[in-house]
């Protein structure tokens, strides 16, 4: 039987990003009671992790000043990169400079709370399904498009993990023998459809530095160079989504990240590109993400509530510190 959820209970949710850490105390209904945002310290992983218990304690003290019966009962942490959720280890997070960091066990020891580690984009999909644009979906993709491109997939109501390897849509090759990607391959989706790629392509075509949002606005106004760059990026995004749908059977794509801020300038052409000439697979509905940059943090909370209610039998528990060296 799962643990009882009390009205005064909350979980600590922490989203460790390359530039910012977003934290909150969150109810079982995914309502944030207290929130914090701070710059990610440019420090070794151990030093960053050591600051998190103080952050949780500070938020808990604020909440108890308003609700004396409040109790923090678990913690969820999410991060980018290659995240081994079963082991609770960040195998590699390039933007953080972290390698083989046992985040979960170190926080169990320091917080004394059941703790779960997850991937930020997969957690974001979970939050969108529970409280956002994918509410109630069973076969969905969450696709944040920004400086890079990531994805998370849910099929038959199950979030795909693949030992941390699932969802690297940005590194699917869409232009064989295309530009070299940071991952070492050539022609990855990120090299043609990310915000960074759009900015680079427009500058190469015109000599003018413009943000991806500015290129979107120029395309809306009919600028031929902007239209060419934008249409190319959208076409490759559609190809990648169609391939994912063919392999997995998803019927919903939730698009987020900085590029989604261009709204229908992205979503409209993307829908049309997916529909043009489609004979297989089934139609994929495209919607904008609803939770913005809070998706990862709320997803961390959803993971923590699940951990609270049904912890795996081999998971280290509060009060039983493990050697995390």
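Numbers below:
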| read-out | value |
| --- | --- |
| Boolean, residue 299 is within 22 Å of residue 21 (Cβ to Cβ), touching a strand residue (DSSP E or B) at 6+ places or on another chain (Cβ under 9 Å) and modelled with pLDDT of 95 or more | yes |
| Filter pass, residue 232 being over 19 Å from the mean Cα position of the chain (by Cα), at pLDDT below 95 and within 19 Å of residue 191 (Cβ to Cβ) | no |
| Flag if residue 108 is assigned to a helix (DSSP H, G or I), without any contact (Cβ under 8 Å) to a residue 40 or more places away in the chain and touching a strand residue (DSSP E or B) at 6+ places or on another chain (Cβ under 8 Å) | no |
| Criterion (within 13 Å of residue 304 (Cβ to Cβ) and either outside the structural domain of residue 165 (by TED's automatic domain parsing) or in contact with a helix residue (DSSP H, G or I) (Cβ under 6 Å, 6 or more places away or on another chain) (or both)) met by exactly one of 19, 40, 85 | 85 |
| Residue among 25, 38, 92 that is surrounded by fewer than 13 Cβ atoms within 10 Å (Cβ to Cβ), in a strand (DSSP E or B) and touching a strand residue (DSSP E or B) at 6+ places or on another chain (Cβ under 9 Å) | 38 |
| Selection count, the range 188-214, where residues are within 26 Å of residue 82 (Cβ to Cβ), surrounded by fewer than 19 Cβ atoms within 10 Å (Cβ to Cβ) and modelled with pLDDT of 95 or more | 1 |
| Strands (runs of 3 or more DSSP E) fully within the range 111-176 counting 1 or more residues that are in contact with a strand residue (DSSP E or B) (Cβ under 6 Å, 6 or more places away or on another chain) and over 20 Å from residue 13 (Cα atoms) | 140-144, 152-155 |
| Qualifying positions in the range 99-136 - within 18 Å of the chain's Cα centre (by Cα) and surrounded by fewer than 22 Cβ atoms within 10 Å (Cβ to Cβ) | 130, 131, 133, 135 |
| Residues being under 15 Å from residue 154 (Cα atoms) and either surrounded by 22 or more Cβ atoms within 10 Å (Cβ to Cβ) or in contact (Cβ under 8 Å) with a residue 12 or more places away in the chain (or both) - total across the range 244-271 | 11 |
| Search result, residues across the range 43-82 that are assigned to a loop (DSSP other than H, G, I, E, B), surrounded by fewer than 15 Cβ atoms within 10 Å (Cβ to Cβ) and in contact with a helix residue (DSSP H, G or I) (Cβ under 9 Å, 6 or more places away or on another chain) | 43 |
| Hits in the range 154-180 - residues which are loosely packed, with under 12 Cβ neighbours inside 10 Å and either in contact with a helix residue (DSSP H, G or I) (Cβ under 7 Å, 6 or more places away or on another chain) or more than 22 Å from residue 89 (Cα to Cα) (or both) | 156, 157, 176, 177, 180 |
| Members of the range 95-105 found to be more than 21 Å from residue 39 (Cβ to Cβ) and in a helix (DSSP H, G or I), listed by number | 104, 105 |
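The values are calculated or read from the model by the stated rules, or taken from the named source; none is laboratory data. What you are looking at is a predicted structure, and each value in this text was computed from that prediction instead of being measured. Glycine gets a Cβ as well: all are built from the backbone with ideal geometry, and neighbour counts include every protein chain shown.
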